[in-house]
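The values are calculated or read from the model by the stated rules, or taken from the named source; none is laboratory data. As the structure is a prediction and not an experimental result, all values here were calculated from the model. Every residue, glycine among them, receives a Cβ derived from its backbone with ideal geometry; neighbour counts consider all protein chains shown. Areas reflect the complete protein model, heavy atoms only, side chains present, ligands, DNA and RNA absent. Shrake-Rupley method; radii C 1.70, N 1.55, O 1.52, S 1.80 Å.
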Amino acid sequence: MLLTFEGRDYDLHPGESVLDGMSRHGVRLPSACRAGICRACLIRAVRGNPGEDAGRGLKPTWLAAGYFLACLARPASDLAVTLAGPEVSTLARVTRIRRLSPDVLGVTLRPERPVDFLPGQHLPLTTPDGLTRVYSSASLPAEVGRSGIDLHIRTYPGGAMSGWLGRARPGAAVTIGAPGGECCYLPGERSAPLLLVGTGTGIAPLMAIARAALADDHTGPIALIHGAAAPDRRYAGTRLPDRIRRAARARNARVWGGPAGAGDPGGARSGGAHPGGARMAARPGAVTWQTCIRSRGEDVAEAAARTLAVLTDQPGSARAYLCGGAGSVSRSRRALFLAGLSLSGIYADLFTPAVGQPRG
């Protein structure tokens, strides 16, 4: 069958995805995960049907306009496509870069027009030379016009995108693609207990979710758990909860928490838990947080299950948001399911390495 792109025809093998077929012919599209998660490869069909799975998770308005994910598209007949238009991507400028820890960058972007995303969603970034990576936003949509979009980015030795951003100067241009991810705050059910579990930089979008919930006058208890490999990997230290405290004070919500173990509402570490932690965690409108350091034998999945039991005696009423490495997210999902939380109440985004490109 034929795939037509920008006036040129390319052959597409039976069962081959549009993304793989274009790559085979040397046509480079933005892509990262190649699994329908990051949405970096979003393009538009101008003729033909890209296949039933190609629109998985996309908004109805995008589907109506012909948009689909090239990595999931396996058309059964000829297809003509074009690149995504300005309605799903926008140019942005780097305005600020700072070091949050030895291996985490804080990058602020100023988009040229509003970006339609939900608190906690991830955004694909593409450099002028076509390198694409996906990062979750630490900002709320309402903050973008005033202060831009904040991203917390783990750096890697020899990392392609993190290295590019580390060398970027104010004014450097990047393209922001279509937002995606299910780990995002959805208004409604204001009394539901919220359990937010993030490892590494996965805590950044969860902080945005917590602040969005507080701004939405959420009355259910909110608990955050931050997992890190070692104390020096707990980036930004105690500055992270400060944003939660400010948001909570604005809503007259109670806040309690502390670093490794001292913030455990279930009393995970002997001598470390606040004696009123369990009562505080279950109190309507309360916000608690804790950190789990893997090198100290503190397991984030176990902490998540314990905290769920403290937050509510009806696990099915809670919502859990999991964000971070694939291993920790999978373990936490399983632990929460075994603790009584249905899979429909678990929203997760896995941080996975880019496929077919240098890491970072």
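Structure summary
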quantity	calculated
Accessible surface, the chain, averaged per residue in Å² (probe 1.4 Å)	43
Mean separation of Cα contacts under 8 Å, 6 or more apart, over the residue count of the range 52-125: relative contact order %	20
Average Cα contact separation per residue, the chain, under 8 Å, 6 or more apart, as relative contact order %	15
Kirkwood Rh in Å, taken over the range 82-179 so that all alpha-carbon pairs contribute	13.5
Computed P(r) (all Cα pairs; the range 126-171; 10 Å bins; percent)	23, 49, 26, 2
Helical mean residue ellipticity (222 nm; -39500 (n - 2.57) per DSSP H run of 4+; nearest 500) of the chain	-6000 deg cm²/dmol
GNM result for the chain, Cα springs below 10 Å: residue of Ala309, Ala250, Ala172 fluctuating most strongly	Ala250
Vicinal HN-Hα couplings computed from phi for the range 76-88 (Karplus, 6.51 cos²θ - 1.76 cosθ + 1.60; Hz; Gly/Pro x)	9, 8, 4, 9, 10, 10, 9, 5, 4, x, x, 6, 10
Compactness relative to 2.2 N^0.38 Å, alpha carbon Rg of the range 20-129	1.21
Cα-based radius of gyration of the range 1-83 once divided by 2.2 N^0.38 Å, which approximates compact folds	0.95
Share of alpha-carbon pairs per 20 Å distance bin for the chain, given as whole %	30, 54, 16, 0
Virtual spin-label span in nm between Ser147 and Asp11, 7 Å along Cα→Cβ	5.6
Proximal charge balance of Leu83 [Cβ under 10 Å; K/R count +1, D/E count -1]	0
Rg/Rg_ref, the range 145-201, where Rg_ref = 2.2 N^0.38 Å and atoms are Cα	1.58
Reduced Cα scattering model of the range 11-56, Debye log10 I(q)/I(0), q = 0.23, 0.24, 0.33 Å⁻¹	-0.96, -1.05, -1.45
Whole-percent carbon and sulfur share, accessible surface of the range 1-137, 1.4 Å	52
Crossing angle, helix 326-338 versus the chain [Cα axis fit, 0-90 degrees, rounded to tens]	60
FRET efficiency for Phe337 and Asp216, using Cβ-Cβ distance with R0 set to 25 Å, rounded to 0.05	0.40
Debye-sum result for the range 60-114 in log10 I(q)/I(0), which assumes one identical scatterer on each alpha carbon, at q = 0.20, 0.25, 0.28 Å⁻¹	-0.85, -1.03, -1.15
Rel. contact order, % - alpha carbon contacts under 8 angstrom, at least six apart, the range 166-226	41
Principal axes of the range 168-233: Cα extent on each, largest first, Å	44, 33, 19
Size of charge dipole - the chain - debye, nearest 20, with Cβ of Lys, Arg +1 and Asp, Glu -1, no other charges	1260
Residue-by-residue Karplus 3J(HN,Hα) for the range 215-228, coefficients 6.51, -1.76, 1.60, Hz, glycine and proline x	5, 8, 6, 5, 9, x, x, 10, 10, 10, 10, 10, x, 9
